[in-house]
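Chemist: Before we start, here is the structure in question, set down as structure tokens.
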Amino acid sequence: MRRIAAALLVPVAACIALAACGSSSGSSANANVAVKVTGTFGKTAKVSIPTEKASSKLVISTPIKGTGAALASGDSPLADLTVYKWSGTKHTLLDTTFKTGPQIIPAQMGLPGLTTALKGARVGSRIVAVLPPKYGYGTAGNSQLQITGKDTMVWVIDLIQQFSPSQSASGTQVSTGGGKLPSVTAKSGQQPVVTVPKNSPPSNSKLSVTTLVKGSGPKLAKGDTVVAQYVGVDWRTGKVFSTSWPSSQNAAGQLLSYEVGGSQVIPGLSNAVAGVPVGSRVMVVVPPALGYGPAGGEASAGIDKNDSLVFVIDVIGYQPAVAS
């Protein structure tokens, strides 16, 4: 299950005619400027939002200025997020990742105000972005998140790391798979090609994890946030059903981040990378019981309830678990 923070970043159609998205009546021209954020980088931020209506002004500030590299066009940052909804004179916390682990922000997120806020920002910075509707979800809002076309959003973003859309495993090649398991070929910076053998997948209910490229970074532990490239193939059909790599459907790609041992992805993916060093590439064969089998399959991806899945995962980064 995805956290709300991930859902908040799903691309949506923004307001097309920006001039048509008016401000709330009774708002102060300086209301958005009055939003204040205090606290240290990497720790839960204290956010102060005025008890008045937001204005139509896009306000971006950098209360903490980082000294890391500037975000490059097309890159995706790993960031801690705190997000508020500002409705009328009241505000509501939608989500914060400071206690649950950071989140990858897609290079193309569909929120023009955030795109402006992050352009050229430096790693190590805390960015505060106050987004009126025309800079966020537009007049349509986002019904899934109970955001209306009149709600202003307040984002607090701590930029931890950045990753390029073609970043891949950086370790030493030790295997290409094969035999009774799929074989994998790949060029650096490109999506691996997975060839499924004609035999049936392993019949047991355990994961099969094969190291293809061995990294030299820290070993992932339960609770860490992993940043990964991946390609998923259905053993039965041999076809790719999902990928994070740039493709004809998504030129920018969309890196994956999730908690090791958590519930944000299927159990097979969540548990497969525990103990894997950063910089590695692993091939994971996920039996139905640890994939979509318990849910009856995933019809939108063409996955049946009895299908075994093959994932090739490049562990390109991580963030240690949040101390409890």
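Chemist: Taking only C-alpha pairs under 8 Å that are 6+ residues apart, what is the relative contact order of the chain in percent? Kindly include the intermediate steps, with their values, before the conclusion.
Modeler: Values: 818 pairs, mean separation 53.7, N = 324.
The value is 17 percent.
Chemist: While we're looking at this one, here's another question. Using modelled amide H (1.01 Å from N, peptide plane; none on Pro or chain starts), what sits under 5 Å from the amide H of I160, excluding residues fewer than 5 places away?
Modeler: L78, A79, D80, G124
Chemist: State the percentage of accessible surface on the chain attributable to carbon and sulfur atoms; use a 1.4 Å probe and exclude ligands, DNA and RNA. Display every interim value, and only then the final one.
Modeler: Numbers: 7740 of 15000 Å².
On the chain, the fraction of accessible area on carbon and sulfur atoms equals 52 percent.
Chemist: Please list 3J(HN,Hα) in residue order for segment 142-147, calculated via the Karplus relation 6.51 cos²θ - 1.76 cosθ + 1.60 where θ = phi - 60°; whole Hz, with x for glycine and proline.
Modeler: 9, 5, 4, 9, 6, 9
Chemist: Work out the FRET efficiency for K219 and A34 from their Cβ-Cβ distance, taking R0 = 41 Å, and round it to the nearest 0.05. Kindly include the intermediate steps, with their values, before the conclusion.
Modeler: Working: r = 46 Å, r/R0 = 1.12.
In this case the efficiency is close to 0.35.
Chemist: From the phi angles alone, apply the Karplus equation (6.51, -1.76, 1.60; θ = phi - 60°) to segment 189-196 and give each ³J(HN,Hα) in whole Hz, x where the residue is Gly or Pro.
Modeler: With the stated coefficients, segment 189-196 comes to x, 10, 4, x, 9, 10, 10, 8 Hz.
Chemist: Using R₀ = 22 Å, calculate the FRET efficiency as 1/(1 + (r/R₀)^6) where r is the Cβ-Cβ separation of S188 and Q108; round to 0.05. Provide the component values of the computation, followed by the final result.
Modeler: On the way: r = 24 Å, r/R0 = 1.07.
Taking R0 as 22 Å, the efficiency between S188 and Q108 is 0.40.
Chemist: Quick check: net charge around K305, other residues with Cβ under 13 Å of its Cβ, Lys/Arg +1 and Asp/Glu -1? Show your work: numbers first, answer last.
Modeler: Numbers: positive: R236; negative: D234, E298, D304, D307.
Residues near K305 contribute -3 overall.
Chemist: Quick check for you: with a 1.4 Å probe and neighbouring chains kept, what is the accessible area per residue of the chain, in Å²? Before the final figure, lay out each step's value.
Modeler: Details: 15000 Å² over 324 residues.
Averaged over the residues of the chain, the accessible area is 46 Å².
Chemist: Near G39, within a Cβ-to-Cβ distance under 15 Å, what is the net charge of the other residues, with Lys and Arg +1 and Asp and Glu -1? It would help to have the intermediate numbers written out before the result.
Modeler: Details: positive: K36, K43, K46, K65, K99, R126; negative: D80, D158.
In short, +4.
Chemist: Taking +1 at the Cβ of each Lys and Arg and -1 at the Cβ of each Asp and Glu, which of S170, G215, S205 sits farthest along the dipole of segment 150-245 towards its positive end, judged by Cα position relative to the Cα centre?
Modeler: My answer, from the dipole projection, is S205.
Chemist: In whole percent, what relative contact order does segment 77-140 give with Cα contacts below 8 Å and a gap of six or more residues? Each step should come with its number before you reach the end.
Modeler: On the way: 64 pairs, mean separation 16.9, N = 64.
For segment 77-140, the relative contact order is 26 percent.
Chemist: Cβ under 12 Å from W155's Cβ, W155 left aside: what net charge do those residues give with Lys, Arg +1 and Asp, Glu -1? The partial results should precede the final answer.
Modeler: Details: positive: K85, R126; negative: D80, D95, D158.
Neighbour charge sum, excluding W155 itself: -1.
Chemist: Give me, ordered by chain and number, the residues 5 or more places off G66 or on other chains with an amide H under 5 Å from its own placed amide H.
Modeler: Here the answer is R122, S125, R126, since their amide H atoms fall under 5 Å of that of G66.
Chemist: Using +1 on the beta carbon of Lys and Arg, -1 on that of Asp and Glu, and nothing else charged, what's the dipole of the chain about the Cα centre, debye to 20?
Modeler: Details: 27 positive and 13 negative charges, 72 e Å.
Here the chain has a charge dipole of around 340 debye.
Chemist: Could you derive backbone 3J(HN,Hα) for segment 71-80 from the dihedral phi with the Karplus parameters 6.51, -1.76 and 1.60 (θ = phi - 60°), listing whole Hz in sequence and x where the residue is Gly or Pro?
Modeler: Karplus values, whole Hz, x for Gly and Pro: 4, 8, 4, x, 7, 10, x, 8, 8, 8.
Chemist: Next up: Quick one: of K206/K305; K85/K305; K119/K239, which pairs are farther than 27 Å apart, Cα to Cα? Intermediate results must be reported in sequence, preceding the final value.
Modeler: Working: K206/K305 16 Å; K85/K305 38 Å; K119/K239 36 Å.
Where the Cα-Cα span goes over 27 Å, the pairs concerned are K85/K305; K119/K239.
Chemist: From the residues Q191, L145, S248, which one has its Cα farthest along the dipole of segment 135-258 in the positive direction, the dipole being from +1 and -1 charges on Cβ of Lys/Arg and Asp/Glu about the Cα centre?
Modeler: Q191
The values are calculated or read from the model by the stated rules, or taken from the named source; none is laboratory data. Just so we're clear, the structure is a prediction, and the values are computed from it rather than from any experiment. Don't worry about glycine lacking a Cβ; one is built from the backbone with ideal geometry, like all the others, and counts go over all protein chains shown. Only protein heavy atoms, including side chains, enter the accessible area calculation; ligands, DNA and RNA are left aside. Shrake-Rupley method; radii C 1.70, N 1.55, O 1.52, S 1.80 Å.
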